[in-house]
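FYI, it's all coordinate maths here, none of it is from the lab. Quick caveat, the model's predicted, so the values are computed rather than measured. With ideal geometry, Cβ positions are generated from the backbone for all residues, glycine too; neighbour counts draw on all protein chains shown.
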Amino acid sequence: MKKVRLFIIIFVLILLGGYIYFQQGSLPMDKNNQGVVLFTVKNGEGLNSIVKNLKAQNIIRGRFVFYITVKLRGIEKKIQAGEFRLSKRMTAQDVASELTHGTADVWVTAIEGTRDEEIAENLAAVLPISKKEFIEKAREGYLFPDTYLIPKMASVDTIISIFQKNFDEKYTTEIKNNMKRVGLSEHQAIIVASLIEREARFPEDKKKVAGILIKRFKSDWALQLDATIQYALGYQRQGKTWWKKDLTREDLNVDSTYNTYKYPGLPPAPICNPGLESILAVSRAEVSTPYWYYISDKKGVMHYAKTLEEHNANVETYLQ
């Protein structure tokens, strides 16, 4: 009988101790603190990492208590990625709840090879901005493709400046000097990079294609790129895309300064926003390449030619 009583007493003490531990661990770090702590949850970040970072920033008292709080409330999968304005006067329950809603910022990804209009559509889907204003103010080619954390109430000018700052950081002095080596100004380099982004799929091909395009440009040849025709044609309502897949002979005659079948040299501006890989490919272009022509087969594999006869043979072999 005494053993039963002892067991009950120990059990009660454990429960009481657990309750006190949990209660103390749930209390605010500093209930009198009026400051705000910016806390970021990354895309795809796991609960263990989030809890570790909360503790490191002294936002919660106990990692285990917070972890159990989230698990018991079943809100682990409801935690959002973004930046939150938290406070040390918040309880563990308050912090957990806040992480499931009310992010101060949103994550937005700009993909390599997309044009300003496509980026504007993605931004307008999650931010209260005017697509028209964004398109009017953005510079094609300079919205650096990346994943951004953008304030929910940011203006169009602020958003564009965030993209531009990233571009300025990525477009280093070394890249600028290499562009001079291949004989291109910054604007010309970004135009060529945008062409590479749409024309070459694999990294090993990008430098070769860049060399060919620069050679043709310097020789005042027509570049004859389908991607520039696609850009000139604009939005295709039937296919719901900005990039028409199957071009016709009529398309190749479109009256546009972006029609590189009609007009020699580079188009007047970039046709998309190129990623760093394509920009680097231009800066490292194989300008001494013996090739003048290339085609991409249905699998995206490039086939190069030194003469028009070889090129026509490649077309017959790989595109018919």
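Computed values, structure above
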{"read-out": "Highest-first arrangement of 303-309, 49-55, where packing means the average Cβ count within 10 Å", "value": "49-55, 303-309"}
{"read-out": "Per-peptide average of other Cβ atoms within 10 Å, ordering 273-282, 59-68, 178-187 highest first", "value": "273-282, 59-68, 178-187"}
{"read-out": "FRET efficiency, E45 to I111 (Cβ-Cβ, R0 35 Å, nearest 0.05)", "value": "0.95"}
{"read-out": "Fewest-first sequence of E118, E250, E197, E310 by Cβ atoms within 10 Å of each Cβ", "value": "E250, E310, E118, E197"}
{"read-out": "Size of segment 134-228 as Cα extents on the principal axes (Å, biggest first)", "value": "48, 30, 24"}
{"read-out": "Label-point separation, T158 to T257 (7 Å along Cα→Cβ), nm", "value": "3.4"}
{"read-out": "Length-normalised contact order for segment 115-169 - Cα pairs under 8 Å, 6+ apart - percent", "value": "36"}
